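Notes follow once the structure below has been shown.
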Amino acid sequence: MSTPPTPAAGHSVGVSLHWSKGHDAPHRDLHSSTPSHSTEHLLATASEGSTCSSVSLVSERTYLDAASAEPMHPAAREMLLSAVDSGWADPVRLHHEGRTARLLLDNARAVLADAVGVRPDELYLTTSGTAAIQAGLTAVRAARSRVGATIVHSAVEHSAVLHTAGEAAAEVGVDRLGRVELAAFTDAVRRPGVAVAALQSANHEVGTRQPVEAAAAAAGDVPLFVDASASVGHDVVPAGWSVLAASAHKWGGPAGVGLLAVKKGTRIAPAWPMDEREDGLSPGFPNVPNALAAAAALQARLAEAEELGKQHRAWIDEVRRRVAADIPDVEVVGDADDRLPHILTFSCLYVDGEALVTALDAEGFAVSSGSACTSSTLRPSHVLAAMGVLTHGNVRVSLGRDTTHDEVQRFCAVLPGLVQRIRAEVGM
Amino acid sequence: MNIDLDCRGLICPLPVIKLAKTLPTVAVGDTVTVLADDPAAATDIPAWCRMRSQELVSAGENQYVVRRVS
């Protein structure tokens, strides 16, 4: 029998995993299964299914859409593979396997809580950033139902905030850079009937940072809910919030892990089941391997953040400068300085956003777009619309930890010709 | 003088492209009234006027009046 692990040492995820790697995986039956049970078809890729001649380009892909999703951080991948074998048991059980899973979960929570500046018992794990926003805002609003139901929020919040606020929303406009109008925010939050105020740490589409500390001061007794999904792992998250939401896949962790941090003294009335599992801190059977991988990714990412941030900031400055200089009739949007390090958004007049994304993809560049033609609703990004900036021909570039300067320079070199070609097709 | 430009049923950037091609055909001081029901036009026509330094006289329900100033 192995020695029981010592209880949750805050930052010892790697160490605590080490002793449990020896589990002999009982997978032999699956591996010898008949061909009908083969899982290889699950791994069919876009390039295999495509008839176009892009095969040679696949090896030269330049991925500039890190704000949508990043490849898993190597530290997270390694942790996930170990944790799948060691953290599968039910953490509420009293047997060795259960206690192992519980220890790993405690370690993950300790690391994640420390990274966002709360105690472990103030951190709820959810299944996504969207779920954290929805559950968190709803729980704070419910706890303050005697005060009112209004959710004050900026016009450029994530759609999950907009949907949760619903009818009882007081939306506050933003300036041309995408920054909330602080005077209007202050006015709105001080009206009667406000349950909670929501303001993102920085905008996920244009990178502009929001005045979180000033908003917190303005909010007074009204709890401030900060969606920090775009910032955590990339940028410093300002203080002053009562509740914070974040999402692991935004910092190189796995999909399916959201954080909901609720500072002591903030009342919540949870709608989720407060069952025996960690007093409701992670309702339902927790995904221990994913939580650990999320923690490993964040720990590794924070260690790199300063260096990566400097690099990304300089490269985004370069893209901003070159796009504005080399392409006529382009609107580069968002704050040039007070922004996230890794995101840049611009819109090209007379250009179809879908055509530009597709043309860039064919040249090997992956970017996203807030143009209406690239969305399922055929409506332009509510962020760009609220800022009053051009919504068509829109491209968001976001850099990841693997992005190289060479890739950034190639993007700047290729883009003007593509824009020119698409404009020529419509006689512009 | 005013020219009507019916862009109903067209999606962006087409209404803006049509506006950009039509405005130079009117005299400086004259207007083009764009009829456009694409939701993106509500943002993009005012943005075009700002970027191209033309005057947005009014923006109403699916109707935008633009004056050529240069």
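The values are calculated or read from the model by the stated rules, or taken from the named source; none is laboratory data. Note that the coordinates shown come from a computational prediction; the quantities given were computed from them, not determined experimentally. Neighbour counts run over all protein chains shown; Cβ positions are idealised from the backbone, glycine included. The protein model used for the area step is the full one, side chains on, heavy atoms only, and it has no ligands, DNA or RNA in it. Shrake-Rupley method; radii C 1.70, N 1.55, O 1.52, S 1.80 Å.
For the peptide B:44-52, the mean number of other protein chain Cβ atoms found within 10 angstrom of a residue's Cβ is 5.
When the protein assembly as shown is described by a simple charge dipole with +1 on each Lys and Arg Cβ and -1 on each Asp and Glu Cβ, the residue from A:113, A:220, A:393 located farthest towards its positive end is A:220. Shown for chain A is the translational diffusion coefficient from the Stokes-Einstein equation, using the Kirkwood radius over Cα pairs, a temperature of 10 °C and a viscosity of 1.306 mPa s: 69 µm²/s. I want the local charge near residue A:196. Using Cβ-Cβ distances under 10 Å, sum +1 for each Lys or Arg and -1 for each Asp or Glu among the other residues. Result for the local shell: +2.
Report summary: the helix-based calculation at 222 nm, which adds -39500 (n - 2.57) for every DSSP H run with n ≥ 4 and divides by the residues of chain B, gives -8500 deg cm²/dmol.
Given the protein chains as shown and a 1.4 Å probe, how many square angstrom of residue A:363 are accessible, to the nearest 10? Counting only protein heavy atoms, residue A:363 exposes about 80 Å² to solvent.
Taking all protein chains as they are arranged and a probe of 1.4 Å, the heavy atoms of residue A:342 leave approximately 10 Å² accessible to solvent.
Where is the GNM fluctuation largest for chain A (alpha-carbon springs, 10 angstrom cutoff): A:305, A:198, A:230? Looking only at A:305, A:198, A:230, the largest GNM fluctuation is found for A:305. The lysines whose alpha-carbon is closer than 25 Å to the alpha-carbon of residue A:310, local same-chain residues fewer than 8 away aside, are A:250.
When only Cα pairs below 8 angstrom with a gap of at least 6 residues are kept, region A:196-289 shows a relative contact order of 19 percent. Only protein heavy atoms count here; under a 1.4 Å probe, residue B:58 has an accessible surface of about 50 Å². The base-10 log of I(q)/I(0) for region A:58-206, evaluated at q = 0.11, 0.19 Å⁻¹, reads -0.64, -1.18 [Debye formula, identical scatterers on Cα atoms, solvent excluded].
Averaging sequence separations of C-alpha pairs under 8 Å and six or more residues apart, then dividing by the length of chain A, give the relative contact order as a whole percent.
Details: 836 pairs, mean separation 82.5, N = 428.
With pairs under 8 Å counted, the relative contact order is 19 percent.
Using all pairs of distinct alpha-carbon atoms, the Kirkwood hydrodynamic radius of chain B works out to 11.5 angstrom. Beta bridges per DSSP, both residues in chain A: antiparallel share near 60 percent. Dividing the C-alpha radius of gyration of region A:304-425 by 2.2 N^0.38 Å, with N its residue count, gives 1.02.
Per DSSP H run of at least 4 residues, take -39500 (n - 2.57); add these up for chain A, divide by its residues and hand me the 222 nm value, nearest 500 deg cm²/dmol.
On the way: 14 runs with 166 residues, N = 428.
-12000 deg cm²/dmol, from helical runs alone.
Solvent-accessible area lost on pairing A with B (1.4 Å probe, both sides summed) amounts to about 1500 Å².
At 1.4 Å probe size, with every protein chain present, just tell me what the per residue accessible area of region A:302-355 comes to in Å². Can you show the working numbers first?
Values: 2170 Å² over 54 residues.
Per-residue accessible area for region A:302-355 comes out at 40 Å².
For the protein assembly as shown, which whole-number percentage of the solvent-accessible area (1.4 Å probe, protein heavy atoms only) is attributable to carbon and sulfur atoms?
Working: 11990 of 22160 Å².
It is 54 percent, rounded to a whole number.
What are the residues of region B:1-33 that lose 40 Å² or more of accessible area, with a 1.4 Å probe, going from their chain alone to all protein chains? Those are B:13, B:17, B:21, which lose 40 Å² or more relative to the chain on its own. Percent of C-alpha pairs per 5 Å bin in region A:133-290, short distances first: 2, 10, 19, 22, 21, 14, 8, 4, 1, 0.
Computed with a 1.4 Å probe over protein heavy atoms only, the accessible surface of region A:96-299 comes to 35 Å² per residue.
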